[in-house]
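Beneath this line is the structure, given in C-alpha cells, with notes to follow.
The values are calculated or read from the model by the stated rules, or taken from the named source; none is laboratory data. Quantities reported herein were computed from a predicted structural model and do not represent experimental measurements. Ideal geometry is used to build each Cβ from the backbone, glycine not excepted, and the neighbour counts take in all protein chains shown.
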C-alpha cells in the first residue's frame with residue numbers, strides 16, 4: 001500500500017492512480033507526483049523571470065543598449081566590459097539624450113518612447129530597433145542600473161540612480177558630461193546567481209559574440225563609430241572608425257580586411 005496525501009485529505013490506494021475533486025495524483029512505485037494548484041506568482045518573482053527572458057546574457061544586454069543608442073541617432077558608441085562580463089558593462093553614446101520629463105519612466109516595464117499603440121507597428125515597424133519598453137526594466141531587475149544623460153538644451157549632464165525593480169529615479173545629481181547617454185550596469189545577474197556563474201564561465205565566448213555583433217552593426221550602419229574595450233584585456237578590444245561618407249565597402253575593409261573588401265561589387 002502507498003500513502004497519498006493532498007492538503008488535509010488522506011487516502012490509501014494500491015499502485016495505480018487516484019483522483020479527487022481537487023487534484024489528479026499519479027503514483028509511480030513508492031513515489032507520489034502531486035499536480036500543484038495554480039496560483040498567482042508574486043510580482044518580484046514575475047519580474048525576475050521576465051528579466052532573464054529579455055536579458056539572458058551579457059550579449060543580449062549589449063545589443064539592447066546599442067539598439068537604444070542607435071535609436072537616439074548616435075554616431076559614436078563605446079562599449080566597456082569588465083573581464084568577467086558581469087561586474088560592469090557600460091554603453092556610452094553621443095545621441096540626443098533623455099528629456100527631463102522622461103526620467104521617472106526609466107527602468108519601468110512597458111515604458112517606451114517609440115510606440116504608443118499596437119496599431120502603430122504597421123506604420124512604424126522597422127523604423128526603430130526597440131519598441132517593447134522592457135530592456136531597461138529587465139536590466140534593472142537583475143542588476144544595479146545608473147544612467148548619465150544630457151540633451152543639447154541642458155547646461156550639464158544628470159546622473160540618475162534607478163530604483164531597484166520598480167524603476168524611476170532614486171537619486172540624481174548634476175555632473176559634467178557631453179550630450180548623449182551613458183548607461184552603467186553593475187553586478188549583472190546579482191539576483192540570479194546561477195545565471196551569473198554561467199555568464200562568468202562563458203565570458204570568453206561572450207567577448208567573441210559581442211565583437212561579432214558589433215561587426216554586424218558596422219556593416220549595416222557604416223556611418224557609426226564603434227568601439228569595444230575589455231578591462232585588462234587589450235587584445236580583446238576592438239574599434240571601427242567610420243570616415244566621412246563611409247560606406248559598406250569601407251566597413252568590410254576595416255572589419256574583414258582587404259581580401260574580402262576587394263571582392264565587394
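For the reader, a short list of remarks on this structure follows.
- Looking across region 194-203, the residues that are assigned to a helix (DSSP H, G or I) and surrounded by 12 or more Cβ atoms within 10 Å (Cβ to Cβ) come down to 195, 196, 197, 198, 199, 200, 203.
- Filter result for residue 248 (modelled with pLDDT under 90, surrounded by 17 or more Cβ atoms within 10 Å (Cβ to Cβ) and in contact with a helix residue (DSSP H, G or I) (Cβ under 8 Å, 6 or more places away or on another chain)): no
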